[in-house]
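What follows is calculated from the coordinates using simple rules that are stated; it is not laboratory data. Only a predicted model underlies this, so the values are computations on that prediction, with no experimental measurement involved. Methodologically, a virtual Cβ is constructed for each residue, glycine included, from the backbone with ideal geometry; neighbour enumeration extends over all protein chains shown.
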Ligand SMILES: C[S@@+](CC[C@H](N)C(=O)[O-])C[C@H]1O[C@@H](n2cnc3c(N)ncnc32)[C@H](O)[C@@H]1O
């Protein structure tokens with residue numbers, strides 16, 4: 001057993017970092033990414049994007065940040081316009097819980113997130129390690145840094161998937177590095193795996209994964225990450241699935257993989273979307 005650093009300074013630092021990363025209460029108003037859903041909205045948005053090419057012009061909805069919006073942000077139900085993560089406070093708390101548990105129990109390995117977007121969850125993982133003075137674990141940030149891949153025909157569950165057309169999901173590596181710098185958390189304990197999971201993860205120079213966090217939305221992205229990394233998760237390590245309740249294809253990949261491997265460790269609920277299990 002390893003004793004973790006504790007006390008009000010650790011609590012306040014991690015609490016403040018989580019609220020900052022989700023912009024919980026930092027915006028006077030709630031600023032939420034608005035995805036064009038109706039066809040005329042998509043058409044107009046397409047025109048706007050063409051007209052403002054090379055400029056950061058986005059569709060954002062402004063509203064109150066009252067109890068209802070706070071609950072949505074807590075549960076990661078909206079896409080904040082400017083926050084470094086969309087996962088919400090409850091799923092960040094889960095990252096903290098998993099990391100603190102593996103450190104306390106001496107379960108070896110790194111933190112890996114497959115699907116980082118603006119990097120906020122990885123930034124939080126690095127903050128948790130920093131808060132406890134952990135220097136022998138790495139945070140791996142795996143992403144294409146150009147959004148999701150179009151369905152490649154390997155999996156029926158991904159047929160017709162439209163994530164790849166969302167410009168909001170394509171965040172450059174430079175932007176993610178800048179976000180780490182904002183929090184003074186970009187250092188040698190942070191490493192990037194840039195490219196499609198199917199190409200970067202199988203040969204990634206990662207020895208063990210104490211916390212594997214899957215956040216790639218699609219069936220294929222979830223399955224590619226599990227196939228490449230699950231065998232590196234030691235007993236006592238965690239697998240966290242961000243999109244289980246939100247994307248049916250992701251849930252199907254989890255069931256298919258667990259069935260194929262005979263995994264019976266119970267799935268535990270984090271919130272409406274996220275689940276996790278601990279490897280026994
Ligand atoms: C929902 S976002 C991740 C949200 C993020 N974890 C957060 O804290 O807000 C999904 C990310 O997965 C990446 N992604 C999905 N499938 C991928 C794949 N097959 N290869 C590489 N990146 C992928 C996308 O580029 C995108 O950044």
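Key figures for this structure:
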read-out: Convex hull volume per residue in cubic angstrom - Cα atoms of the range 88-278; value: 110 Å³
read-out: Fewest-first sequence of 60, 112, 241 by Cβ atoms within 10 Å of each Cβ; value: 60, 241, 112
read-out: Gaussian network model of the chain, springs between alpha carbon atoms under 10 Å - residue of 201, 44, 229 with greatest fluctuation; value: 44
read-out: Ranked 178, 152, criterion: other C-beta atoms within 10 Å, fewest first; value: 152, 178
read-out: Whole-Å distance, taken between Cα centres, linking the range 152-214 and the range 1-26; value: 24 Å
read-out: Mean Cβ count within 10 Å, highest first, over the residues of peptides 272-280, 205-213; value: 205-213, 272-280
